[in-house]
């Protein structure tokens with residue numbers, strides 16, 4: 001039985017309702033089989049928006065070029081990437097090919113065949129080095145990815161920035177912080193916790209390594225609302241997509257337990273100093289603020 005969403009909606013991220021702004025032509029995307037791509041496609045189609053989801057591999061340039069040539073798009077969302085971190089570590093060559101060269105292939109065809117089309121490139125908070133304190137991370141913070149996955153996402157960002165800026169095409173890079181969904185599966189954090197907590201008796205202890213580490217986490221449906229707001233506004237530049245609120249992994253475990261109707265204790269050890277990844281949301285708040293208003 002599915003649990004309820006353990007994370008409340010952020011007050012500055014309203015539900016997206018202006019689907020008329022995306023009508024008039026098909027909305028294109030890659031990565032429609034992944035969590036965010038699947039949710040976005042379902043949301044758009046539910047509201048009568050035609051979608052064109054690339055069905056192949058972004059490393060197949062001939063197939064990609066033929067697909068793009070058949071379309072006329074005003075909005076495009078690039079989600080395709082090799083994840084999670086363990087999959088990237090298992091095959092770093094494929095990860096680089098898909099996450100970096102695949103992004104180049106998408107930008108190349110978009111620029112060749114879709115003049116004026118706005119691009120949303122889905123990046124990740126993994127481009128940042130976690131901080132030793134719970135201070136929010138600004139978009140211009142130094143980049144030092146601690147994982148190879150983060151390195152590939154940072155290089156993909158540079159591909160997008162370089163090509164789209166050079167050819168004066170509109171684009172937005174969204175650095176998505178942690179998210180979850182009731183349909184998400186392990187090894188991601190929340191479904192992994194849910195699986196372990198479900199197997200515990202009420203009142204038992206859950207042993208977690210690095211329970212004091214802090215994450216900025218939200219429900220995936222809220223991420224989709226944010227991305228749609230950015231599309232409706234044709235936002236440009238790089239922006240953090242997060243809540244600005246940090247929760248320790250231990251606190252997240254307790255919230256998951258509560259959503260399952262269980263009471264547990266959290267125990268464990270730290271393998272090192274706690275690390276923090278919290279989005280500075282000042283720019284996002286400004287982008288999402290109603291016209292004429294200023295967010296702080």
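All of the numbers you see were taken from the coordinates with simple rules; none came from a lab. All values derive from a computational prediction rather than experimental measurement. Backbone-built Cβ (ideal geometry, glycine too); neighbour counts: all protein chains shown.
Within region 1-97, the percentage of alpha carbon pairs spaced more than 15 angstrom apart rounds to 71%.
Sequence-distant contacts, meaning Cα pairs under 8 Å at least 6 residues apart, place the relative contact order of the chain at 21 percent. Seen against the Cα atoms of the chain and their longest principal axis, helix 189-198 is set at about 40 degrees. Between 270, 97, 218, where does the largest GNM mean-square fluctuation fall for the chain, given springs only between Cα atoms within less than 10 Å? Sorting by GNM fluctuation, first place goes to 270.
Based on alpha-carbon centroids, what's the gap between region 249-281 and region 23-42 in Å, whole number please? That distance is 31 Å. Ordering 172, 117, 122 from the fewest to the most neighbouring beta carbons within 10 Å gives 117, 172, 122. Relative to the longest principal axis of the Cα atoms of the chain, the long axis of helix 35-46 makes an angle of roughly 60 degrees.
Can you tell me how region 247-296 classifies by the Cα gyration tensor, rounded, prolate or oblate, using a/c under 1.5 as the rounded cut? Oblate shape, in that a/c is at least 1.5 and b/c is the bigger or equal ratio. When 161, 207, 216 are sorted by how many other C-beta atoms sit within 10 angstrom of their C-beta, beginning with the fewest, the order is 207, 161, 216. In the chain, the convex hull through the Cα atoms has an average projected area of 15.8 nm², a quarter of its surface area.
Eigenvalues of the alpha-carbon gyration tensor of region 15-65, scaled by 5 and square-rooted, set the equivalent ellipsoid semi-axes at 23, 13, 7 angstrom, largest first. Considering only 188, 128, 179, the mean-square fluctuation computed in a Gaussian network model of the chain, springs between alpha carbons under 10 angstrom, is largest for 188. Between the alpha-carbon centres of region 167-182 and region 43-99 there is a gap of 14 Å.
Under the rule of -39500 (n - 2.57) per DSSP H run of 4 or more residues, summed and divided by the residues of the chain, what mean residue ellipticity at 222 nm is obtained, to the nearest 500 deg cm²/dmol? Value at 222 nm, helices only: -10500 deg cm²/dmol. Kirkwood's formula applied to the C-alpha pairs of region 162-296 gives a hydrodynamic radius of 16.9 angstrom. Is the shape of region 75-231 rounded, prolate or oblate, going by the alpha carbon gyration tensor and its root eigenvalues a ≥ b ≥ c, with a/c under 1.5 for rounded and a/b larger than b/c for prolate? Here region 75-231 falls in the prolate category.
By definition, a body whose alpha carbon gyration tensor gives a ≥ b ≥ c is oblate when a/c is 1.5 or more and a/b is not larger than b/c, and region 69-158 fits this oblate description. Take every DSSP beta bridge whose two residues both sit in region 141-296; close to 15 percent of them are antiparallel.
The DSSP beta bridges internal to the chain are antiparallel in roughly 10% of cases. Mean silhouette area of region 179-231, derived from the convex hull of its C-alpha atoms and averaged over all directions, reads 4.8 nm². Taking the 0 to 90 degree range and rounding to the nearest ten, how far is the long axis of helix 148-166 tilted relative to the main principal axis of the chain, both from C-alpha atoms? Helix 148-166 sits at roughly 30 degrees to that axis.
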